[in-house]
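Trainee: First the structure, which I've put down as structure tokens, then a few questions once you've had a look.
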Amino acid sequence: MDRRPRIGICAALERARWTVWDREAFLLSRLYVDALQAAEAVVFMVPPDPWVAAHPDDVLDGVDGLVLSGGADIDPSFYGAERHPKTVNTRPDRDRAEIALALRAVERDLPVLGICRGMQLLNVALGGTLVQHLPDDVGHTDHRRSLGSFDNADHDVRLEPGSLAARACGELHHKTKSHHHQAVDRLGDGVEATGWSVLDGLVEAIEVPAANWALGVQWHPEVDPRSRVLKSFVSDTAEALVA
């Protein structure tokens, strides 16, 4: 194989400012791209698109793996729940396209990695539900201590021996950086929990054992140079290309 794996990563739709402009924009933290490129992937940003929501193969045909990135809360209508007052800034157009991409990627056995919101999105795509505001559920704010910052955001996650999560991290106790106020509640069809916070037992890693490579992590490996998650994802995707 004389090319790098092509990784599609879903971008957010948000209001943004740059130079003299203040407009809606398709956004993605550079940390994701830097980490994927450092892992020797070629990165393609995938913006929300109504066509893709109905025709996800038009994107998936052109990539070797899919990353579901972090971002805004998922609209609770996609998992049959009433909106919590703390569920804000939802983007149903983004949710719709990414749910279609995630579901079809799993069906095609294309490698999928969900990060933070992306883990929640993967669970929802497969029929699961979410806790909409963690402080109401676990009684503390330690999963998002500093709004808009990863400062003081470290805690350990315990991983299931033999799981994809443990293999991707290269260890059974993984130090993570968190920034989330929602989490997985009921697991989706075929989804298993394989990582739990040492703070309170919250599910922080999920996977689809029937798939070749489908993993969701509630933390942000792209911000931590010590994390092997993105490197493992790209490496295993590259191996699948020559298998």
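The values are calculated or read from the model by the stated rules, or taken from the named source; none is laboratory data. None of these values were measured; they are calculated from a predicted model. Every residue, glycine among them, receives a Cβ derived from its backbone with ideal geometry; neighbour counts consider all protein chains shown.
Trainee: For the structure I just gave you, tell me whether GLY114 is among the small types (Gly, Ala, Ser) and either under 22 Å from ALA211 (Cα atoms) or outside any loop (DSSP other than H, G, I, E, B) (or both).
Mentor: Judged against the criteria, GLY114 is a match.
Trainee: I've got another one for you. Quick check, is LEU172 in contact with a Lys or Arg (Cβ under 9 Å, 6 or more places away or on another chain) and under 22 Å from GLU222 (Cα atoms)?
Mentor: yes
Trainee: Filter region 179-196 for residues that are modelled with pLDDT of 95 or more and either out of contact with any helix residue (DSSP H, G or I) (no Cβ under 8 Å at 6 or more places or on another chain) or in a loop (DSSP other than H, G, I, E, B) (or both) and give the result.
Mentor: Once the filter is applied, which keeps residues that are modelled with pLDDT of 95 or more and either out of contact with any helix residue (DSSP H, G or I) (no Cβ under 8 Å at 6 or more places or on another chain) or in a loop (DSSP other than H, G, I, E, B) (or both), region 179-196 yields ASP185, ARG186, LEU187, GLY188, ASP189, GLY190, VAL191, GLU192, ALA193, TRP196.
Trainee: State which residue is surrounded by the most Cβ atoms within 10 Å (Cβ to Cβ) when the search covers only region 183-197 and only residues that are under 21 Å from VAL106 (Cβ atoms) and touching a His at 6+ places or on another chain (Cβ under 9 Å).
Mentor: Checked region 183-197; the qualifying residue surrounded by the most Cβ atoms within 10 Å (Cβ to Cβ) is GLY195.
Trainee: May I pose another question? Quick one: count up the residues across region 73-92 that are of a type outside the set (A, V, I, L, M) and surrounded by 15 or more Cβ atoms within 10 Å (Cβ to Cβ).
Mentor: Selection size over region 73-92: 9.
Trainee: Pick from region 198-243 the residues that are among the acidic types (Asp, Glu) and out of contact with any Pro (no Cβ under 8 Å at 6 or more places or on another chain): which of them is surrounded by the most Cβ atoms within 10 Å (Cβ to Cβ)?
Mentor: Checking each candidate, the answer is GLU204.
Trainee: Does GLU98 qualify as being loosely packed, with under 13 Cβ neighbours inside 10 Å and either modelled with pLDDT of 95 or more or part of a loop (DSSP other than H, G, I, E, B) (or both)?
Mentor: Criteria not met by GLU98.
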